Amino acid sequence: MNFLRRRLSDSSFVANLPNGYMTDLQRPDSSTSSPASPAMERRHPQPLAASFSSPGSSLFSSFSTAMKQTSQAPLGLMEPPGPSTPVVQRPRILLVIDDAHTDWAKYFHGKKVNGEIEIRVEQAEFSELNLAAYVTGGCMVDMQVVRNGTKVVRSFKPDFILVRQHAYSMALGEDYRSLVIGLQYGGLPAVNSLYSVYNFCSKPWVFSQLIKIFHSLGPEKFPLVEQTFFPNHKPMLTAPHFPVVVKLGHAHAGMGKIKVENQHDYQDITSMVAMAKTYATTEAFIDSKYDIRIQKIGSNYKAYMRTSISGNWKANTGSAMLEQVAMTERYRLWVDSCSEMFGGLDVCAVKAVHSKDGRDYIIEVMDSSMPLIGEHVEEDKQLMADLVVSRMSQLPMPGGTVPSPLRPWAPQTKPAKSPGQAQLGPPLGQPQPRPPTQGGPRQAQSPQPPRSGSPSQQRLSPQGQQPLSPSSGSPQQQRSPGSPQLSRTSGGSSPNQVKPGTTLTSQPRPPLQGRSTSQQGEESKKPATPHPHLNKSQSLTNSLSTSDASQRGTPSEDEAKAETIRNLRKSFASLFSD
C-alpha cells in the first residue's frame, strides 16, 4: 500500500490514470490524502515511463488511448470510406459516313455523352473505309481520306455510327453492303440501325413493308400507289394501262426511271431490263400537281411541298419550287407508321404525289441517307447531332461508368435462427451497450479465442444432454461436456447473467422440479440480461473484442490479441498489488 500511495501522490501518474480508477486515497476528504511519512515529501515526481519497470508498463498509455477511442467511436459500425477518385473516361469515337461537303465535327463540338465524356468525330465515305470485325474484339476500321491535298490514314474502333450515305446504288456502281455487314458483325450501334440500312439496299424490299402498312391502315389512311414487281424481264409482257413508269433495279435521285406511253415502248424497255439482268417494277403514271415530303428526325417533324417549274414529269429533276407546309395529322400518321419498320427508324422521310384530281399517293420512304432540303438544313443537321448524342448516352458504353461515392455501411439485419438454437449474442453491425463503470464485483471473464492445445468453448442445452451448435460464422468451436469451465463467478451473482455479445459456458444442471421440458427450452432461448457492474479491465476487453469483431482476420491474429490482453492483466495485477 505504501508503494501505491507514493504513486498516487505523483501528479504525472495520476494525470495518466483512466477515468474510473479514482480511489479513496485521492479524495480530498480522505485521511490518507497527505503523505504518510516525511520521506515521501522529499521524493521528487518522476515521469511515468521511469516509474514503471514492469514489462507491461510501456503499454499502459497506448492501452488508455485505445480505451478512449473505443468509448468514443460507435461500436459495430465501420467508418465510411472516403470519396473515390473518378475514373477518367476515354473519348467516344463517332464514325460519320458522309461526303466531305458537310463537316460534321462542328455540329458535335462541345457535346458530351452523359454530359461528361468527350466525342471524337471521324468522317469518311464508304469508298474510303475498310474494316475487320471480330467476335470478341469488335470492329477495327481503317480510313484513308484526302484532306486539303494530304492523304490521311487512321485505324480506330468506333463506338457509334451515323450513316448519311447510300450503301448501294446500281446506277453509280457502288455496292458497300459488305461494309455494312462488317459493321453489324462488330455489333456497332448506329443511326439509323445497320439492320435497317442493309434492308434499305433494295427498294422493292422496302416497298413490301409499305404494303403491310397499307393493308393494316387501309387505303383511306395510307394511300399507297399501285405497283407491280417483276424479278426479271420474262414476265414483263404488257401493262394493264398506259402511261406507266418503269423502275429498273435499285437507284436514287430519279435515276433508272422511265415513262412509257404505249405498248411498243414497253417492249423496248423489256429488252433493256433483260440486258441489265435485274428486277424491275411498274406503277401507274400520276399526273401530279406537286410532290409532298414529310420528314422525321427524332421527335421533330417537317412537311414540304415541291412544284416542278421546268415541266419535267419528275419533280426532283430540273428546277422546282420548294416551300414548307403545315404538318397535319394525316402526314404525321404516314411518317410515324413508316418509322416503325425494320425495328425503328430514327430518321426517315415519306414521299407522296398530289395529283391534279386532288388525291394523294405514297410512292417511297427514305432512311437516314435522305438529302436535307429547305431553309432549315442547318437546323436539321443539328437535330441529327443531338439525336446521335442522345442515343449514345442511352447505350452501355465499354470501360464502365464513373463510380458513385460509397455509402456508409448500414447495420445488418438480424440473421434467422433455427427453433432449437439459442441466441449467441447480437449480430455484428449493431451497436453494443457501453461498458458500465467500475464498482461492481467481477462477474465473468471475457471470451477468449481458442488457442492451440486449449479446449474450445461450447454452449450446452439446459438439460445437458446434447450441445447446441453455434451459428455459422462464429469463431467459437464446440467443447466437450467434460472440459474445464472457462467462466468465473464471484459473490452472489448468478452465473447466467452475462454481457450481451459474449459466449460463456455453463455446467450442465439437472432439470428443475415442477417444470415441463418445453418451459425449460423457452428459458434457454431467452437472451441473458447484462449485469449492471463489470470489472473495468473486463469491460475494456469486451469493448475491444466487439469493436474488432467485424474486422477479425486469421486465427493467428486472434491469438495475438488474446495474448496481449493477458499480458495487460498481469501488468495491472502487479501494479496495484501490495
Dipole of the range 135-235, positive end: most advanced residue of 136, 153, 225 [Cβ charges, Cα centre]: 153
Probe 1.4 Å, all protein chains in place: accessible area of residue 112 in Å², nearest 10? 80
Please report the antiparallel percentage of the DSSP beta bridges confined to the range 158-267, to the nearest 5. 75
Lys pairs in the range 77-204 with Cα under 30 Å (8 or more apart in sequence, or on separate chains) total 6
Surface accessible to a 1.4 Å probe, per residue, for the residues of the range 137-236, Å²: 52
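Could you put 166, 354, 215 in order of accessible surface area, largest first, with the 1.4 Å probe and the full protein assembly present?
Values: 166 65, 354 30, 215 135 Å².
If we order 166, 354, 215 from most to least accessible, we get 215, 166, 354.
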What do you get for trypsin sites (Lys or Arg not before Pro) in the range 322-377 restricted to DSSP loop and a cutoff of at most 16 other Cβ within 10 Å of the site's Cβ? 356, 359
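Evaluate the charge dipole of the range 280-327 about its Cα centre and quote only its size in Debye, nearest 20, assuming +1 on the Cβ of each Lys and Arg and -1 on the Cβ of each Asp and Glu.
Dipole about the Cα centre, nearest 20: 180 debye.
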Which of the aspartates and glutamates could a cross-linker span from residue 257 if the Cα-Cα distance has to be under 19 Å and same-chain partners fewer than 8 positions apart are dropped? 174, 226, 265, 268, 283, 287, 291, 364
Alpha-carbon centroids, the range 316-393 and the range 137-184: separation in whole Å: 25
The farthest towards the positive end of the charge dipole of the range 310-366, of the residues 352, 320, 365, given +1 on Cβ of Lys and Arg and -1 on Cβ of Asp and Glu, is 320
Can you compute the charge dipole magnitude of the range 211-355 about its Cα centre, using +1 on each Lys and Arg Cβ and -1 on each Asp and Glu Cβ, nothing else charged? Give it in debye, rounded to the nearest 20. 240
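The values are calculated or read from the model by the stated rules, or taken from the named source; none is laboratory data. What you see is a predicted model; the values in this text were computed from it and never measured. So basically every Cβ, Gly included, is an ideal-geometry build from the backbone, and we count neighbours across all protein chains shown. Accessible surface is based on the protein model in full, side chains and every heavy atom, while ligands, DNA and RNA are left aside. Shrake-Rupley method; radii C 1.70, N 1.55, O 1.52, S 1.80 Å.
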